[in-house]
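Visitor: So that we are looking at the same thing, I have put the structure below in structure tokens.
The values are calculated or read from the model by the stated rules, or taken from the named source; none is laboratory data. Note that the coordinates shown come from a computational prediction; the quantities given were computed from them, not determined experimentally. All Cβ positions, glycine included, derive from the backbone under ideal geometry; neighbour counts span all protein chains shown.
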Amino acid sequence: MAFYLECVLFDLDGTLVDTAPDLIACLNSALNVHGFEAVDSKKITPYISHGAGAMIKQSDLKTTQKTEAEILKTMLLHYETDILRYGGFFDGIEATLRFIEQNGLKWGVITNKQKRFTEPLAHALNITERVACLISGDTTSNSKPHPEPMLAGCEQAGVNPKNCVYIGDAKHDMMAGQSVNMKTLAAVYGYLTPKDRPQTWGAEALLTAPTEIKAWIKTVL
């Protein structure tokens, strides 16, 4: 069957937006509050796409689950009140979004990030009125890799999943998109862990830079 592209859908952290600087800063602020040393951003950044809890686990704090939970709560409170101080779109993303819009395509965001963070972040990035859909990790009963958020995003955008491409930097992104027959692109410029093998994820292409999104779209228009 011929592929007719209607909508380009993005994961958020590590794909559309470089949130690492802000998340690492908030993690280190929380660690300081609870009496721990700051962590090396290079060690933690690959785990951002797996959530704040995973970031704390990779900090090797040698502490209790209760203390980890307290650090997590403090970190998220800091992040909620200072969500876009250092980060922003990856280089090339803004031009890519303009290209998508100029070609009459829709675009949106489907993320596992909670609504309390995605909505303020979207507002700070000035994309609230531009996105065709904005689906958070708690918008639906299940988060990625479950198909439910993908279907919710398509319903919100008014598009058929088979006419969409989903771009993400984690295996669960590819699984979610493929579960509803979307094309998928792996953003290997994002937050990949040393154990990730994106060449095994079944993506249409591996993107080494955001500028390659525009090039791929041109091949299917």
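Visitor: Scanning segment 87-115 for residues that are polar (S, T, N, Q) and assigned to a loop (DSSP other than H, G, I, E, B), which turns out farthest from residue 133 (Cα to Cα)? Give the steps one after another, and end with the answer.
Guide: So the first thing to find is which residues in segment 87-115 are polar (S, T, N, Q), and the list is 96, 102-103, 111-112, 114.
Filter once more, so that each one left must be assigned to a loop (DSSP other than H, G, I, E, B): 103, 111-112, 114.
On the way: 103: 18, 111: 11, 112: 14, 114: 15 Å.
Here the answer is 103.
Visitor: Please go through segment 153-191 and give me each residue that is part of a loop (DSSP other than H, G, I, E, B), more than 18 Å from residue 46 (Cβ to Cβ) and touching a Leu at 6+ places or on another chain (Cβ under 7 Å), ordered by number. Steps first, please.
Guide: Looking only at segment 153-191, we keep the residues that are part of a loop (DSSP other than H, G, I, E, B), and these are 158-160, 169-170, 180-182, 188-191.
From what's left, more than 18 Å from residue 46 (Cβ to Cβ): 158-160, 180-182.
180 - this is the single residue of segment 153-191 that is part of a loop (DSSP other than H, G, I, E, B), more than 18 Å from residue 46 (Cβ to Cβ) and touching a Leu at 6+ places or on another chain (Cβ under 7 Å).
Visitor: Are there any pairs, at least 6 apart or on different chains, whose C-beta atoms fall under 6 Å, with the first in segment 29-40 and over 17 Å from residue 85 (Cβ atoms) and the second at pLDDT 95 or above, and if so, which?
Guide: Final answer for the pair search is 33/74; 34/71.
Visitor: With the requirement that a residue be loosely packed, with under 13 Cβ neighbours inside 10 Å and either part of a strand (DSSP E or B) or touching a residue at least 24 places away in the same chain (Cβ under 8 Å) (or both), what does segment 192-211 give you?
Guide: Step one: filter segment 192-211 for residues loosely packed, with under 13 Cβ neighbours inside 10 Å, giving 194-195, 197, 199-200, 208.
The answer is 194, and nothing else.
Visitor: Now a separate question. State all residues of segment 188-221 that are touching a helix residue (DSSP H, G or I) at 6+ places or on another chain (Cβ under 8 Å), of a type in the set (Gly, Ala, Ser) and closer than 22 Å to residue 89 by Cα; if no residue qualifies, say none.
Guide: The answer is 190, 205.
Visitor: Related question: Within segment 29-78, how many residues turn out to be in a loop (DSSP other than H, G, I, E, B) and closer than 20 Å to residue 111 by Cα? Working first, answer last.
Guide: Within segment 29-78, the subset in a loop (DSSP other than H, G, I, E, B) is 34-40, 51, 58-64.
Adding the requirement that they be closer than 20 Å to residue 111 by Cα leaves 51.
Number satisfying all stated conditions: 1.
Visitor: Then there is this: Only one of (1) more than 16 Å from the chain's Cα centre (by Cα); (2) surrounded by fewer than 14 Cβ atoms within 10 Å (Cβ to Cβ) is not met by residue 91, so which one is it?
Guide: Going through the list (1) more than 16 Å from the chain's Cα centre (by Cα); (2) surrounded by fewer than 14 Cβ atoms within 10 Å (Cβ to Cβ), residue 91 breaks only (1).
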